[in-house]
Amino acid sequence: MKDDNLRMYLIAITSLGIMWGCSSAFAAEKRCTAGGEKVECPTQTDAQVQQAAKAFEKETDDYGKGKGGSAYGIAPFDYLTGVGKKASSEKGGFTDTKTGKTDSGYGTTGSLRTELWDRVKNPTPGAGVYDQWVNNWSPKFGETLVAGADPIQGKTYYYSYCIACHGWTMHGDGPNAVDLNPRPRTLTRGAYMQKKTNLELFNVIKGGGESVSLSSSMPTWGNVLLDQDIWNVIAFIRAMQDVPPPKSVEDYLHPKSTFKPIKGDVDALNASKSKDFKEMQELVESDMPGRAPGSELTGGGFVEGGNRINASDVVLKVK
């Protein structure tokens with residue numbers, strides 16, 4: 001009973017955001033648009049998403065039994081996240097991933113601390129401690145491909161809300177992808193994404209699939225994310241174009257994107273001056289729940305505090 005409860009808890013935590021917007025009762029759509037043209041949507045095959053779902057299920061089962069494993073079947077994640085290995089301060093300690101004898105930290109009583117807790121010394125005070133923790137086990141970018149947008153901050157929102165469907169590395173193979181029809185888009189496919197404008201990406205993230213006449217299995221995130229948050233997510237997506245699934249820690253920590261900014265495209269810095277962006281915003285806002293006249297939800301706006309900064313304050317070098 002204990003293991004069953006733990007397994008359900010792990011699935012619930014990992015699936016943050018899944019139940020909000022993902023469902024399976026939609027007919028498959030053969031085509032979508034990129035740059036205003038009809039194109040084939042890049043998605044994973046049935047066999048690929050089924051394999052990913054099985055890897056995730058095995059992982060959660062192993063954790064519940066106290067056995068370590070690799071996140072989604074990708075070995076580097078076990079090291080990067082510290083998930084799957086008990087903290088050294090816990091009774092029994094932990095072993096190296098290569099031995100195959102890791103301890104999840106969840107199968108026995110205790111504080112349930114895993115190895116990741118032992119990594120950060122002298123934590124940064126305030127909101128910065130979250131970035132310090134996250135960037136111990138994921139890419140940290142020194143530049144951005146979208147002016148005024150921070151891919152590092154976008155990465156944290158992607159990890160919170162998008163993994164369940166689109167997968168850890170944006171290949172459309174999250175643990176919930178197997179239940180979706182049509183499948184989640186593969187957001188790394190350069191032949192597709194290089195044609196997909198920032199304006200189109202912003203539209204579908206804020207307003208959901210239905211805002212661009214596609215499936216509602218892509219939820220409306222405009223009531224969860226501020227406009228700047230969405231721009232940051234777009235910057236992270238651009239940083240992952242044509243990046244393959246990692247085969248090593250080095251691959252994962254240093255992705256090499258092929259994306260080239262599209263001439264005349266909207267970005268976080270010039271959006272307020274763009275007629276096309278303003279028109280898109282008005283249409284999306286008019287259809288979003290809770291955005292009726294007089295509602296407190298009046299738009300993306302900006303909220304001070306935490307890790308959020310204005311587009312004009314993003315200091316990452318624009319590539």
**Message:** Can you tell me which of (1) assigned to a loop (DSSP other than H, G, I, E, B); (2) over 20 Å from A271 (Cα atoms) is the one C165 doesn't meet?
**Reply:** (1)
**Asked** Does W168 fit the bill of being assigned by TED's automatic domain parsing to the domain that holds D313 and surrounded by 20 or more Cβ atoms within 10 Å (Cβ to Cβ)?
**Response** yes
**Asked** When the residues of the stretch 203-252 are filtered to those that are of a type in the set (G, A, S), assigned to a helix (DSSP H, G or I) and touching a helix residue (DSSP H, G or I) at 6+ places or on another chain (Cβ under 8 Å), which remaining residue is surrounded by the most Cβ atoms within 10 Å (Cβ to Cβ)?
**Response** A235
**Asked** Pick from the stretch 35-63 the residues that are surrounded by 19 or more Cβ atoms within 10 Å (Cβ to Cβ) and over 28 Å from L199 (Cα atoms): which of them is modelled with the highest pLDDT?
**Response** V49
**Item:** Selection status of F277, assigned by TED's automatic domain parsing to the domain that holds A164, part of a loop (DSSP other than H, G, I, E, B) and either out of contact with any strand residue (DSSP E or B) (no Cβ under 6 Å at 6 or more places or on another chain) or modelled with pLDDT of 95 or more (or both)
**Value:** no
**Asked** Just wondering, is there one or more residues in the stretch 218-227 that are modelled with pLDDT under 95 and polar (S, T, N, Q)?
**Response** yes
**Fill in**
Pairing a residue in the stretch 252-268 that is of a type in the set (F, W, Y) with any residue that is not in a loop (DSSP other than H, G, I, E, B), where Cβ atoms lie under 6 Å and the two sit 6 or more apart in sequence or on different chains, gives Y252/P76; F259/R238
**Fill in**
The one condition A191 fails out of (1) within 18 Å of T156 (Cα to Cα); (2) out of contact with any Ser or Thr (no Cβ under 9 Å at 6 or more places or on another chain) is (1)
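Okay, residues lined up against (1) surrounded by fewer than 23 Cβ atoms within 10 Å (Cβ to Cβ); (2) polar (S, T, N, Q); (3) assigned by TED's automatic domain parsing to the domain that holds A235:
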residue	(1), (2), (3)
G126	yes, no, no
G148	yes, no, yes
G154	no, no, yes
Y158	yes, no, yes
G172	no, no, yes
N176	no, yes, yes
R185	no, no, yes
G190	yes, no, yes
**Asked** Can you name every residue in the stretch 262-277 that is within 24 Å of G209 (Cβ to Cβ) and under 26 Å from the mean Cα position of the chain (by Cα)?
**Response** I262, D265, V266, D267, A268, A271, F277
**Asked** Only one of (1) assigned to a loop (DSSP other than H, G, I, E, B); (2) modelled with pLDDT of 70 or more; (3) under 22 Å from Y157 (Cβ atoms) is not met by F302, so which one is it?
**Response** (2)
**Message:** Given the condition more than 15 Å from the chain's Cα centre (by Cα) and under 20 Å from G148 (Cα atoms), answer yes or no: does some residue in the stretch 219-226 qualify?
**Reply:** yes
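The values are calculated or read from the model by the stated rules, or taken from the named source; none is laboratory data. All of these numbers come straight from a predicted model, not from anything done at the bench. Cβ sites come from the backbone with ideal geometry, for glycine too, and all protein chains shown count toward neighbours.
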